[in-house]
Every structure is written in C-alpha cells, then in structure tokens.
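Student: First, the structure itself, so that you have it in front of you.
The values are calculated or read from the model by the stated rules, or taken from the named source; none is laboratory data. Bear in mind the structure is a predicted one, so any value in this text is a computation, not a measurement. Note: ideal-geometry Cβ built from the backbone for every residue, glycine included; neighbour counts use all protein chains shown.
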Protein chains: 2
Amino acid sequence: MHEDNQARVTHSYDGTAMLQSLPDAVIYPGSTEEVSRIMKVLNQHRIPLVSRGSGTNLCGGTVPVQGGVVMVMHRMNRILEVDLDNLTATVQPGLNTKVFNEYVEELGLFYPPDPSSMAISTIGGNIAECSGGLRGLKYGTTKDYVLGLEAVLPSGEIIRTGGKLMKDVAGYDLTKLFIRSEGTLAVITEAILRLVPPPVHKKTMLAMYRDLASAARTVSSIIASRIIPATLEILDNPTIRVVDEFAGLGLPLDMEAILLIEQDGDPELVERDIESIHRICIGQKAAQVTVAANDEEAKRLLTARRSAFTALARLRPTTILEDATVPRSKIAEMVVEINRIAKRHNVTICTFGHAGDGNLHPTATTDARDKEEIIRVEEAFEEIFEATLALGGTITGEHGVGLLKSPYLEWKIGEAGVGIMKGIKEVFDPNGIMNPGKMFAKAARRRVVINRA
Amino acid sequence: MHEDNQARVTHSYDGTAMLQSLPDAVIYPGSTEEVSRIMKVLNQHRIPLVSRGSGTNLCGGTVPVQGGVVMVMHRMNRILEVDLDNLTATVQPGLNTKVFNEYVEELGLFYPPDPSSMAISTIGGNIAECSGGLRGLKYGTTKDYVLGLEAVLPSGEIIRTGGKLMKDVAGYDLTKLFIRSEGTLAVITEAILRLVPPPVHKKTMLAMYRDLASAARTVSSIIASRIIPATLEILDNPTIRVVDEFAGLGLPLDMEAILLIEQDGDPELVERDIESIHRICIGQKAAQVTVAANDEEAKRLLTARRSAFTALARLRPTTILEDATVPRSKIAEMVVEINRIAKRHNVTICTFGHAGDGNLHPTATTDARDKEEIIRVEEAFEEIFEATLALGGTITGEHGVGLLKSPYLEWKIGEAGVGIMKGIKEVFDPNGIMNPGKMFAKAARRRVVINRA
C-alpha cells in the first residue's frame with residue numbers, strides 16, 4: 001500500500017482529458033488471494049475502490065472521483081498458460097496487450113483485439129471496457145475472445161465463469177456481464193482467452209475522395225458486396241490535413257475523405273477481395289486509389305490512420321477524443337452532421353474512425369484553460385450524441401461510459417434500462433464501493449432534440 | 001386466451017422426456033404492446049408465465065411446472081426487415097429458424113446458427129437458450145448473431161438494447177444477459193440479427209477409426225494445425241450401429257468412432273484444408289477416409305449425423321438426449337468415461353456430438369415406465385456431469401439449465417455464482433413470475449466425487 005504523494009498523484013488521472021481526483025492510497029496486489037483479502041477489508045469499511053491497469057481509457061473510467069483506494073493490477077501480469085490443443089491462453093489482468101499479441105504471434109497464433117492503446121493498455125482494462133480496435137469489423141472486439149473469467153466480488157468471494165469451452169450455457173452469461181462492466185461489479189483476476197489461426201496474407205490500400213458521400217457509399221457498397229475487410233477506416237479532411245503535416249506523407253490536401261482498407265486471409269482470397277474493392281472504389285468515384293506494393297508501403301499507409309490521435313494532440317493543449325457509433329450505412333450522414341455541429345459551435349472537430357463498424361471518433365482540439373470554449377465543445381458533443389442516437393446509434397462504441405458518458409446513458413437505454421443496470425450493480429456491490437460515480441450519473445442529462453431543418 | 005383442455009394439454013410439455021405439467025391457460029399475443037399489457041396483469045396478480053416458441057428445448061425449459069399462463073409467440077413470426085447495407089435482419093421471436101435461414105439464403109446471405117431442431121424451433125427460443133448447432137465451431141452460436149433486442153419486463157415496461165451496431169458499450173451487456181436467460185427475465189419481442197456473407201464452396205468427408213483415442217487425437221490435431229472446420233462431429237460405436245440400421249448407409253459396424261468433417265469458404269481454401277485434414281486423419285490411423293465427390297454424396301454422409309437422434313429414438317420408448325461439454329482436447333477421455341459409467345450402471349448410452357466444440361450428446365435409450373431403470377439412468381447422468389466438470393467442462397453446452405440441470409448449476413458456477421444469478425433474476429422479476437422453478441433449484445444436488453481408480 002502506497003500513501004505517498006507521488007503514487008497518489010500518478011493514479012489521480014487516466015487517458016481522459018481534464019479529469020483528476022486524488023485517491024487516498026494506491027495498492028498493487030500480487031495474487032487473487034490478496035485481492036480477495038483486500039476486498040473484504042474495503043467492503044467492511046465501505047472504502048471506494050478503483051481497479052485499473054494502465055488507465056488508457058478515454059471515458060474517465062479510472063479516475064477515483066470519490067477518493068479511496070486505487071488497485072493497480074500491473075504486478076499480476078503473467079501469461080499462465082497457452083493451450084495449443086484448445087487454442088486458449090490463460091492470463092492475468094495486468095498483462096500488457098501488445099506483449100500478449102506478440103507472444104501468441106511467436107507461437108503462430110493470433111489474438112485479434114487491437115485497441116489503439118495496445119502498446120500501453122492491459123488485458124484486464126480491455127476486458128473492463130470491451131476494447132475494440134482496427135480489426136473489429138472482421139474479427140469482433142474483446143467480448144468475442146473471452147471464454148472465461150476469474151473475478152473477486154466486493155465480498156471477497158472468488159467466482160469463476162466459463163472455461164476453456166467453446167460453448168457454455170450454464171445460467172446467465174456472467175462472463176459477458178463482467179466484460180464492459182468498467183470495474184463497477186468485481187475485480188477481474190484471471191481470463192481465459194480464445195486464440196485463432198493467424199491470416200497468412202494481408203494487403204493494404206488507400207482510396208481518396210473529393211466528396212464524403214462517395215467515401216461513405218464505398219463503405220456500404222463493400223459490405224453490401226458481401227466483402228468483410230479486416231480494416232475499413234475513414235479520415236475526414238481536417239484529419240487528413242493534420243496527419244499529413246505531422247507525418248509528411250504527401251497526402252492530397254484537397255480530398256474530403258480517405259478510406260484505409262486492409263484485407264487478410266488466404267492469398268487468393270485477399271487478391272480477389274482487394275481487386276473487387278478497388279473496382280468498387282473507382283465505381284464510387286474515388287479520385288485516387290493506391291494499393292501497397294509491399295509491407296513497407298502498407299506500413300506507410302497505415303501510419304496515416306495510426307498517427308491520427310498523436311497528430312491531432314499536437315495542435316492545441318487539450319484533445320478530446322470522442323466515440324460515436326451509428327449503423328454503418330449512416331456514416332456519411334453522421335460525418336456531415338458532426339461538421340455542421342462543429343461549425344455551429346465554432347469549434348474544431350476532426351473525425352476519423354472505424355467506418356466499417358460505423359464507429360467514428362470525432363476529436364476536438366481545444367484548450368482546457370479556455371472555459372468559454374470548453375463549454376462550446378461540450379455543447380457540440382452533446383448534440384453529436386443526440387444526432388448519433390437519432391440515426392439509430394449509441395453514445396459509445398468502444399470507449400465506455402465511465403464518468404464522461406454517464407449523463408447520457410439513459411438516452412441510449414431508457415429509464416427502465418438504467419434502472420435494471422443499477423439493480424444489477426447493487427446485486428454485486430450492495431455497499432457501492434466498486435468504482436463509485438461511474439456509469440450511472442446522479443441525474444440524467446435532459447435530452448434536447450435539435451431541429452436540423 | 002385459451003382455457004380449453006386441448007390447448008392446455010398441448011402446452012403442458014416440451015421436447016424433454018418425462019416431464020409434463022398443465023398450464024391454467026394459453027395465450028397467443030400479436031404485438032409487443034399486447035405482451036406488455038398481458039405482463040402488467042400477470043405481474044399484478046402474481047400469475048406464473050412461461051413464454052415459449054415451439055418448445056423444442058431438451059431441458060424442460062418450457063414446462064409450466066407451477067401452472068399459470070403459457071405465452072406462445074407463434075403469431076409474432078414476421079421478418080420485419082432485412083437491411084442489405086448493414087447486413088442485419090429485424091425479426092419477431094415466433095419466426096421459424098429454418099424459414100428464416102432459407103429466406104436470407106435467397107437474398108445471398110447467411111445466418112449460421114443451425115440447431116438440430118431448426119425445422120421446428122423459433123428464433124425467440126434459440127435466443128432464450130443460446131442455441132448452437134453443427135456450425136458452432138467455426139461460426140459460433142446464437143449469441144454471436146444477436147445485435148439488439150426488444151424485450152418486455154415483468155412490469156410491462158419495454159426495453160431496447162443494442163441496435164444495428166457492430167459495437168456498443170453503453171452500460172452492461174443486457175443483450176447478452178437476455179440470451180440464454182431461458183424466459184426467466186423478460187419476454188423477447190424483437191431481435192436484430194447479424195447476417196454474414198455465405199461461404200461459396202463446401203466439402204464433406206467421413207473418417208472412420210478402429211479406436212476412439214485416434215479419432216479424438218484427430219480432432220485435436222486439426223485444431224492444433226490451425227484449421228477450424230465448419231463442422232467436426234463425432235459418432236461413437238453404439239451410435240454408428242443404430243444410425244446404420246436406421247438409415248441403411250452401409251457404415252462399417254466394427255469402427256469405434258466416425259468423424260464427420262465439413263469445411264466451407266473459398267474453393268482453393270476448402271480444397272487445401274480438406275487435403276490437410278485428410279492427411280491428419282491418415283496420420284492418426286483412420287481406417288478409412290471418404291471425401292464426398294458431390295453434393296448428393298455429402299448429403300448422404302451428413303445423414304449419418306443428422307439422423308442420430310431419430311435413429312436412437314426408435315430403439316426404446318424413452319430417449320434422453322444429454323449435453324455435456326468439455327475442453328475439446330478432453331473429448332476422448334470424456335467418451336471413454338461415459339461408456340465406463342454406462343456400463344457400471346447397466347444402461348445404454350450412445351454418444352455423438354460436436355467434437356470440435358467439445359460438446360457431446362450422450363443419449364440414453366430407456367423406458368420411462370421402468371422406474372428402477374430410470375433411477376439408474378439418472379445416476380449415470382449425474383456421474384457424467386461430475387466427470388464433465390472434473391475435466392474442466394460444463395453441465396450444459398447448448399441445451400440450457402431449465403428444470404433438468406437446475407440441481408447441478410451450483411456445481412459449475414459455485415454458491416456465490418448462483419447467489420449472484422438469483423439476485424439478477426430478482427432485479428428483473430421481483431415477484432418471481434417469469435418461468436418459475438427453472439434454472440434455480442430449491443436445493444443444489446450434493447456433489448459426490450466418484451473415485452475412478
């Protein structure tokens with residue numbers, strides 16, 4: 001247990017801009033049994049607990065807003081087993097995502113979830129948030145790769161769900177309930193993950209568009225042609241400009257949108273899909289289509305997308321990366337709407353994201369010290385969430401609810417839905433010590449429907 | 001509302017042997033609003049409700065053991081929309097699974113879940129039980145294809161979860177919580193399902209083995225070679241004999257096990273995988289390997305597996321089809337254990353199932369009128385569940401808990417787990433009217449660990 005100032009300050013914030021709150025202490029458990037013993041004490045004394053990995057989340061999910069103890073899982077970072085017959089891995093929550101990805105790759109296997117934070121993030125954090133990534137379209141997200149969990153309840157009891165099992169319907173799906181529960185129900189102490197055979201071949205391409213609608217139509221056409229690419233990302237014009245300035249890629253700055261597309265799998269299949277996609281891009285009036293000739297060139301094309309956040313973060317002191325998801329057929333409408341809202345509120349919002357999933361990341365570059373501007377940014381995002389829902393979308397596709405989205409949860413799931421979720425939370429955590437203040441807001445935000453006419 | 005005897009008797013049982021209980025009335029709602037109005041009345045008067053589709057489940061999940069009302073969803077059987085841009089279908093729960101599969105196939109799309117009961121079962125029932133099927137290994141089960149749900153709570157409130165969204169992390173995963181909840185939480189009134197591009201090519205083969213261990217090693221070797229077949233089924237010797245007698249397939253009766261293997265996808269890939277699998281089968285001492293030359297022959301090979309239940313059902317008056325799942329590397333141990341247990345209790349148990357999933361269906365042919373034999377069958381199954389868990393498996397892979405497995409739920413998930421599940425049930429259904437008596441037994445069965453030495 002560390003009560004020194006340095007550890008407390010280090011764990012007073014996470015990847016989310018503008019949020020900070022000091023915990024009273026920081027603790028680093030080394031085993032499930034230690035977690036269990038700690039939980040019993042905290043629960044008995046009603047001490048708030050925030051369990052966390054590297055804190056890369058973008059929803060304020062691990063800021064200890066009510067003080068108490070921050071439990072950092074970094075010491076529990078072992079790969080306990082890779083089972084080659086069952087294609088599973090059993091790991092501890094503090095394991096770094098990229099370390100794990102590379103470890104299984106060495107064994108000729110593949111763990112697809114690839115959140116942008118994977119170089120820093122942990123598997124436990126990925127499970128708590130149900131992290132997505134660039135490969136979500138074809139491979140799904142973290143939820144699709146967790147077969148079983150060990151978790152410690154606030155009471156200190158240890159629960160084990162699922163197993164090395166492709167099928168298990170013994171009672172309610174507690175495994176899936178723990179995934180994306182954001183540390184509000186239990187502390188995850190072990191996970192059984194599903195591994196898959198890796199694709200043997202990959203091809204990468206960029207398609208550039210003079211208008212956004214054509215880019216969006218391309219996304220729909222690809223899916224409607226029964227092709228599911230491994231990656232299908234979009235960057236809008238403001239993002240293209242910023243990325244190009246940052247990475248010096250020589251991107252054409254007059255383009256309204258760029259699509260980054262990857263397909264993987266067997267060579268014949270990849271070649272055929274990339275050819276079909278190429279034809280679709282041209283048919284939808286792409287101004288320019290570039291297929292990477294080799295891995296080197298593919299990496300350069302990927303840089304455009306991978307560096308988006310970093311490039312945007314250089315522009316101004318504060319970067320707010322949001323997470324709006326719509327049905328993928330609504331991508332164009334959504335980007336147009338975001339740009340319209342940004343203009344109306346006189347704020348800079350660049351949009352990029354996982355077009356194939358309908359998962360966009362409108363990102364505001366602003367300055368936390370400018371209170372007046374921050375209010376305008378918040379108003380703009382509130383309208384963006386409203387527009388997302390109006391298009392059949394959700395308030396968060398992969399970042400989580402945490403603190404930031406809690407006032408909007410009811411917009412998505414309704415009063416009855418929030419009531420049920422609060423009830424579930426109380427079943428696990430009757431004393432309300434697990435990540436208090438997250439997911440459920442004191443009061444839901446009033447939803448103002450904006451007239452767009 | 002029907003209170004006549006015929007409707008009551010018709011809905012007093014389901015696909016499970018030896019269970020029957022008369023409801024007081026049977027009701028056929030026509031819309032979500034009707035379901036909502038009915039629920040309010042039932043909840044107010046504390047009247048038990050069993051919602052059901054065709055009742056093909058094998059766990060006694062829809063037997064109205066406490067009387068009350070049976071709500072049959074067959075009138076709500078429409079396909080409301082197929083969205084070709086988003087590759088989703090929105091359907092009502094009473095829709096027949098096979099009708100739906102064929103409908104989307106006509107549109108050039110694919111809905112993979114294929115429970116053996118699909119000719120009769122409904123989508124709502126599939127969701128309530130998280131139905132699997134022969135394609136589970138490669139394509140997953142029902143849970144992997146439900147993107148969103150509309151459900152009516154016991155209070156009559158209507159809740160909507162998820163959407164036409166590939167990603168959604170807005171609060172706890174209520175969609176997944178409703179899946180496999182067996183009608184104990186809410187009545188599902190609408191579902192948004194994910195469709196995928198269909199495989200363009202398929203190839204089927206049979207491999208026959210003089211010993212079981214070789215067949216099981218083949219299963220592990222295929223998976224360990226990074227090949228995930230679309231179907232990977234096993235039939236043991238007693239099943240082979242019965243099936244051959246029933247269908248006149250000319251199967252060699254001296255074989256200890258047959259594997260039925262299918263691969264689908266792009267032609268080159270299918271050919272290559274089938275060749276590799278062929279080599280693995282021979283390497284693992286298959287006595288005979290037959291690759292179907294055409295669709296006709298493939299269908300004949302599939303008949304061996306598809307007719308297993310029907311063939312077994314002809315043998316004796318009562319057929320009890322069970323559902324034990326283990327890590328797939330433990331298949332051989334499990335089949336050996338099942339045969340040993342059957343012999344010890346002097347009962348006939350044939351085993352077939354989804355070897356690639358580790359999901360076996362040990363099936364007892366018996367006679368419900370012979371009370372003494374039935375007790376021996378039950379004792380044998382109890383030992384089989386125990387053996388399943390000892391091998392890291394679960395009490396049910398795809399049939400559900402219902403009435404039959406409720407005494408064993410605690411064996412899998414522990415006392416704390418059952419406590420949490422009961423708590424969740426109470427959040428949704430404080431008056432305990434939703435499918436009462438299911439999933440949770442009055443008392444857990446005492447677990448006796450059998451000494452196998």
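Student: So which residues in region A:54-78 are touching a His at 6+ places or on another chain (Cβ under 8 Å) and closer than 11 Å to A:ARG8 by Cα, if there are any at all?
Tutor: Those that are touching a His at 6+ places or on another chain (Cβ under 8 Å) and closer than 11 Å to A:ARG8 by Cα: A:PRO64, A:VAL70.
Student: Okay, moving on. With A:ASN359, A:ASN346 as the choices, which residue is more than 15 Å from A:ASN237 (Cα to Cα), crowded, with 24+ Cβ neighbours inside 10 Å and not small (Gly, Ala, Ser)? Walk me through how you get there before you give the answer.
Tutor: On the way: A:ASN346 fails: crowded, with 24+ Cβ neighbours inside 10 Å.
Of the residues listed, the single one that is more than 15 Å from A:ASN237 (Cα to Cα), crowded, with 24+ Cβ neighbours inside 10 Å and not small (Gly, Ala, Ser) is A:ASN359.
Student: Can you tell me which condition B:MET439 does not meet? The list is (1) surrounded by fewer than 24 Cβ atoms within 10 Å (Cβ to Cβ); (2) within 11 Å of chain A (Cβ to nearest Cβ), and all the others hold.
Tutor: (1)
Student: Moving on. Which one is nearest to the other protein chains (Cβ to nearest Cβ) among residues in region A:184-195 that are touching a helix residue (DSSP H, G or I) at 6+ places or on another chain (Cβ under 8 Å) and not in a loop (DSSP other than H, G, I, E, B)? Reasoning before the result, please.
Tutor: Of all residues in region A:184-195, those touching a helix residue (DSSP H, G or I) at 6+ places or on another chain (Cβ under 8 Å) come to A:184-191, A:193-195.
Restricting the remaining residues to those that are not in a loop (DSSP other than H, G, I, E, B) gives A:187-191, A:193-194.
Numbers: A:VAL187: 14, A:ILE188: 15, A:THR189: 14, A:GLU190: 14, A:ALA191: 15, A:LEU193: 14, A:ARG194: 10 Å.
Filtering first and then ranking leaves A:ARG194.
Student: Ok, one more. Return the residues of region B:165-177 that are within 25 Å of B:ARG52 (Cα to Cα) and either buried (at least 24 other Cβ atoms within 10 Å of the Cβ) or at the interface with another protein chain (Cβ under 7 Å from one of its Cβ atoms) (or both); say none if nothing qualifies.
Tutor: Looking only at region B:165-177, we keep the residues that are within 25 Å of B:ARG52 (Cα to Cα), and these are B:173-177.
Across region B:165-177, the qualifying residues are B:ASP173, B:LEU174, B:LYS176, B:LEU177.
Student: Residue by residue through region A:245-268, note down the ones that are in contact (Cβ under 8 Å) with a residue 60 or more places away in the chain and not polar (S, T, N, Q).
Tutor: Result: A:GLU245, A:PHE246, A:ALA247, A:ALA257, A:LEU259, A:GLU262, A:ASP264, A:GLY265, A:ASP266, A:PRO267.
Student: Which residue, of A:SER181, A:SER155, is assigned to a loop (DSSP other than H, G, I, E, B), within 7 Å of chain B (Cβ to nearest Cβ), more than 19 Å from B:TYR145 (Cβ to Cβ) and touching a helix residue (DSSP H, G or I) at 6+ places or on another chain (Cβ under 9 Å)? Show your work before the answer.
Tutor: Details: A:SER155 fails: within 7 Å of chain B (Cβ to nearest Cβ).
It is A:SER181.
Student: Something else now. Could you say whether any residue in region A:405-421 is in contact (Cβ under 8 Å) with a residue 40 or more places away in the chain, within 7 Å of chain B (Cβ to nearest Cβ) and in a loop (DSSP other than H, G, I, E, B)?
Tutor: To start, the set of residues in region A:405-421 that are in contact (Cβ under 8 Å) with a residue 40 or more places away in the chain comprises A:405.
Those still in the list that are within 7 Å of chain B (Cβ to nearest Cβ) too: none.
Within region A:405-421, none of the residues are in contact (Cβ under 8 Å) with a residue 40 or more places away in the chain, within 7 Å of chain B (Cβ to nearest Cβ) and in a loop (DSSP other than H, G, I, E, B).
Student: Scanning region B:61-86 for residues that are surrounded by 24 or more Cβ atoms within 10 Å (Cβ to Cβ) and within 14 Å of another protein chain (Cβ to nearest Cβ), which turns out nearest to the chain's Cα centre (by Cα)?
Tutor: Applying the filter and picking the extreme gives B:GLY61.
Student: For residues in region A:324-372 being within 14 Å of chain B (Cβ to nearest Cβ) and basic (Lys, Arg), which is nearest to the chain's Cα centre (by Cα)?
Tutor: First pass over region A:324-372, keeping only residues within 14 Å of chain B (Cβ to nearest Cβ): A:324-334, A:353-361.
Checking the rest, the ones that are also basic (Lys, Arg) come to A:328, A:330.
On the way: A:ARG328: 17, A:LYS330: 20 Å.
Restricting to residues being within 14 Å of chain B (Cβ to nearest Cβ) and basic (Lys, Arg), the top hit is A:ARG328.
Student: For region B:267-286, state whether one or more residues are in a strand (DSSP E or B), more than 21 Å from the chain's Cα centre (by Cα) and over 16 Å from B:MET208 (Cα atoms).
Tutor: Within region B:267-286, the first condition is being in a strand (DSSP E or B), and the residues that meet it are none.
There is no residue in region B:267-286 that is in a strand (DSSP E or B), more than 21 Å from the chain's Cα centre (by Cα) and over 16 Å from B:MET208 (Cα atoms).
Student: Ok, one more. Here is a check on your reading of the model: is A:VAL418 crowded, with 24+ Cβ neighbours inside 10 Å and among the β-branched types (Val, Ile, Thr)?
Tutor: Working: crowded, with 24+ Cβ neighbours inside 10 Å: no; among the β-branched types (Val, Ile, Thr): yes.
The answer is no for A:VAL418.
Quick grid of which residues meet (1) buried (at least 24 other Cβ atoms within 10 Å of the Cβ); (2) in contact (Cβ under 8 Å) with a residue 24 or more places away in the chain:
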position	(1), (2)
A:ASN126	yes, yes
A:GLU157	no, yes
A:THR161	yes, no
A:PRO229	yes, yes
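Student: Here is a list: B:ALA390, B:ALA368. Which entry is modelled with pLDDT of 95 or more and not aromatic (Phe, Trp, Tyr)?
Tutor: Details: B:ALA368 fails: modelled with pLDDT of 95 or more.
Exactly one residue qualifies, and that residue is B:ALA390.
Student: Further, regarding this structure: Find the residue count for region B:82-117, including only residues that are at negative phi and touching a strand residue (DSSP E or B) at 6+ places or on another chain (Cβ under 8 Å).
Tutor: Residues that pass the stated criteria total 20.
Student: B:ALA368 - would you say it is small (Gly, Ala, Ser) and assigned by the TED database to the domain that holds B:THR319? Before the answer, list the steps.
Tutor: On the way: small (Gly, Ala, Ser): yes; assigned by the TED database to the domain that holds B:THR319: yes.
Yes: the conditions hold for B:ALA368.
Student: Mind listing whichever residues of region A:389-404 are surrounded by fewer than 24 Cβ atoms within 10 Å (Cβ to Cβ) and at the interface with chain B (Cβ under 7 Å from one of its Cβ atoms)?
Tutor: A:GLY392
Student: Has region B:373-388 got at least one residue that is more than 14 Å from chain A (Cβ to nearest Cβ) and touching a Gly at 6+ places or on another chain (Cβ under 9 Å)?
Tutor: yes
Student: Any idea which residue in region A:245-257 is modelled with the highest pLDDT, counting only those that are in a helix (DSSP H, G or I) and surrounded by fewer than 18 Cβ atoms within 10 Å (Cβ to Cβ)? Write out each step before concluding.
Tutor: Taking region A:245-257 and keeping what is in a helix (DSSP H, G or I), we get A:245-247.
From what is left, the residues that are surrounded by fewer than 18 Cβ atoms within 10 Å (Cβ to Cβ) are A:245, A:247.
Values: A:GLU245: 91, A:ALA247: 87.
In this case the residue turns out to be A:GLU245.
Student: Of the residues B:LEU321, B:LEU312, only one is outside the structural domain of B:CYS130 (by the TED database), surrounded by fewer than 24 Cβ atoms within 10 Å (Cβ to Cβ) and within 21 Å of the chain's Cα centre (by Cα); which?
Tutor: Details: B:LEU312 fails: surrounded by fewer than 24 Cβ atoms within 10 Å (Cβ to Cβ).
Just one listed residue meets the conditions, B:LEU321.
Student: Any chance you could count how many residues in region A:121-152 are part of a loop (DSSP other than H, G, I, E, B) and among the charged types (D, E, K, R)? Break it down into steps so the answer makes sense when it comes.
Tutor: Going residue by residue through region A:121-152, those that are part of a loop (DSSP other than H, G, I, E, B) are A:121, A:130-135, A:140-141.
From what is left, the residues that are among the charged types (D, E, K, R) are A:135.
Looking only at that region, the number is 1.
Student: A further question on this structure: Looking at B:ALA286, B:ALA292, can you tell me which residue is buried (at least 19 other Cβ atoms within 10 Å of the Cβ), modelled with pLDDT under 95, under 21 Å from B:LYS203 (Cβ atoms) and touching a strand residue (DSSP E or B) at 6+ places or on another chain (Cβ under 6 Å)?
Tutor: Working: B:ALA286 fails: modelled with pLDDT under 95.
Unique residue meeting the criteria: B:ALA292.
Student: Can you confirm whether B:GLU150 is within 14 Å of another protein chain (Cβ to nearest Cβ), over 28 Å from B:PRO199 (Cβ atoms) and surrounded by fewer than 24 Cβ atoms within 10 Å (Cβ to Cβ)?
Tutor: Working: within 14 Å of another protein chain (Cβ to nearest Cβ): yes; over 28 Å from B:PRO199 (Cβ atoms): yes; surrounded by fewer than 24 Cβ atoms within 10 Å (Cβ to Cβ): yes.
Against the criterion (within 14 Å of another protein chain (Cβ to nearest Cβ), over 28 Å from B:PRO199 (Cβ atoms) and surrounded by fewer than 24 Cβ atoms within 10 Å (Cβ to Cβ)), B:GLU150 qualifies.
Student: Here's a follow-up. Within region B:165-178, how many residues are farther than 12 Å from B:LEU147 by Cβ and part of a loop (DSSP other than H, G, I, E, B)?
Tutor: Pass one, region B:165-178, residues farther than 12 Å from B:LEU147 by Cβ: B:169-172, B:174, B:177-178.
From what is left, the residues that are part of a loop (DSSP other than H, G, I, E, B) are B:169-172.
The total comes to 4.
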